[in-house]
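J.: Starting off with a structure, shown below.
The values are calculated or read from the model by the stated rules, or taken from the named source; none is laboratory data. None of the values given here were measured: they were computed from a predicted structure. Here the Cβ positions follow ideal geometry from the backbone for every residue, glycine too, while neighbour counts run over all protein chains shown.
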Amino acid sequence: MTEEKTNRRLMEEAIEARKNAYVPYSHFAVGAALLTASGKIYRGCNIENAAYTPANCAERTAIFKAVSEGEREFLAIAVAAGPEGGELIRTAPCGVCRQVMMEFADYDAFTIILGTSPDDCRTYPLKKILPMGFGPAYKTEKEEN
Ligand SMILES: [Zn+2]
């Protein structure tokens, strides 16, 4: 699990990322900040679309940005979410984002940080919020999980 100081920093970054959320339809703004094993932080925000389904979550935006820059090992992600212009609500990642985390994260160690402010962060291991997760290990090992 990540340390309190790191959690705070990531939540601050997620709050900054949330400012760029493009949410003209849901008006629910989300920011995320992903910490890589190399020590870099990638920000992401949710990006909606008039056709609805092409929308992308903040968590996946951050992960895809990192992957596209050559990063493959991730330690933690903070999520800051809530109504546009309003207070943060502790909001868990959607199932699709959990599955994308499963692809790149250490199932036992990756940490999801959810908070209503940098002073109010709670951490959850991926393993807890995605029980019996299906991931790359199934492609290379039998009955690994
Ligand atoms: Zn999502």
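J.: Return yes when Arg98 is buried (at least 17 other Cβ atoms within 10 Å of the Cβ) and either under 14 Å from the mean Cα position of the chain (by Cα) or under 23 Å from Gly133 (Cβ atoms) (or both) and no when it is not.
T.: Details: buried (at least 17 other Cβ atoms within 10 Å of the Cβ): yes; either under 14 Å from the mean Cα position of the chain (by Cα) or under 23 Å from Gly133 (Cβ atoms) (or both): yes.
For Arg98, the condition - buried (at least 17 other Cβ atoms within 10 Å of the Cβ) and either under 14 Å from the mean Cα position of the chain (by Cα) or under 23 Å from Gly133 (Cβ atoms) (or both) - is met.
J.: Under 9 Å by Cβ, and 6 or more places apart or on different chains, what pairs join a residue from region 35-61 that is farther than 22 Å from Thr123 by Cβ and charged (D, E, K, R) with one that is in a loop (DSSP other than H, G, I, E, B) and within 14 Å of the ligand (Cβ to nearest atom)?
T.: Cβ pairs passing all conditions: Glu48/Ala21; Glu48/Val23; Glu48/Ser26; Glu48/Pro54; Glu48/Ala55.
J.: Moving on. Are there any helices (runs of 4 or more DSSP H) wholly within region 48-135 with 3 or more residues that are within 20 Å of Ala17 (Cα to Cα) and within 13 Å of the ligand (Cβ to nearest atom), and if so which? Give the steps one after another, and end with the answer.
T.: Values: elements: 58-68, 95-104, 126-129.
Those helices (runs of 4 or more DSSP H) span 58-68, 95-104.
J.: Kindly establish whether Thr140 is among the polar types (S, T, N, Q) and either modelled with pLDDT of 95 or more or surrounded by 12 or more Cβ atoms within 10 Å (Cβ to Cβ) (or both).
T.: Details: among the polar types (S, T, N, Q): yes; either modelled with pLDDT of 95 or more or surrounded by 12 or more Cβ atoms within 10 Å (Cβ to Cβ) (or both): no.
No: the conditions fail for Thr140.
J.: Still on this structure, please answer the following. Say we look at region 18-47 and pick out the residues that are out of contact with any helix residue (DSSP H, G or I) (no Cβ under 8 Å at 6 or more places or on another chain) and not in a loop (DSSP other than H, G, I, E, B); which of these is nearest to the ligand (Cβ to nearest atom)?
T.: First pass over region 18-47, keeping only residues out of contact with any helix residue (DSSP H, G or I) (no Cβ under 8 Å at 6 or more places or on another chain): 19-20, 22-28, 37-39.
Now restrict to residues that are not in a loop (DSSP other than H, G, I, E, B): 22, 28.
Working: Tyr22: 15, Phe28: 12 Å.
If we take residues in region 18-47 being out of contact with any helix residue (DSSP H, G or I) (no Cβ under 8 Å at 6 or more places or on another chain) and not in a loop (DSSP other than H, G, I, E, B), then Phe28 is nearest to the ligand (Cβ to nearest atom).
J.: For region 1-54, what are the residues that are of a type in the set (A, V, I, L, M), over 22 Å from Thr111 (Cβ atoms) and in contact with a Ser or Thr (Cβ under 9 Å, 6 or more places away or on another chain)? Talk me through it step by step, then tell me what you get.
T.: Initial filter on region 1-54 (of a type in the set (A, V, I, L, M)): 1, 10-11, 14-15, 17, 21, 23, 29-30, 32-35, 37, 41, 47, 50-51.
Next cut, over 22 Å from Thr111 (Cβ atoms) only: 21, 23, 29, 47, 50-51.
Matches in region 1-54: Ile47 only.
J.: Restricting attention to region 1-38, and to residues there that are in contact with an Asp or Glu (Cβ under 6 Å, 6 or more places away or on another chain) and of a type in the set (Val, Ile, Thr), which single residue is surrounded by the most Cβ atoms within 10 Å (Cβ to Cβ)?
T.: Thr36
J.: If I ask for residues that are among the small types (Gly, Ala, Ser) and under 13 Å from Ala80 (Cβ atoms), which ones from region 31-64 would you list?
T.: First, pick out the residues of region 31-64 that are among the small types (Gly, Ala, Ser): 31-33, 37-39, 44, 50-51, 55, 58, 62.
Selection gives Gly31, Ala32, Ala33, Gly44, Ala58, Ala62.
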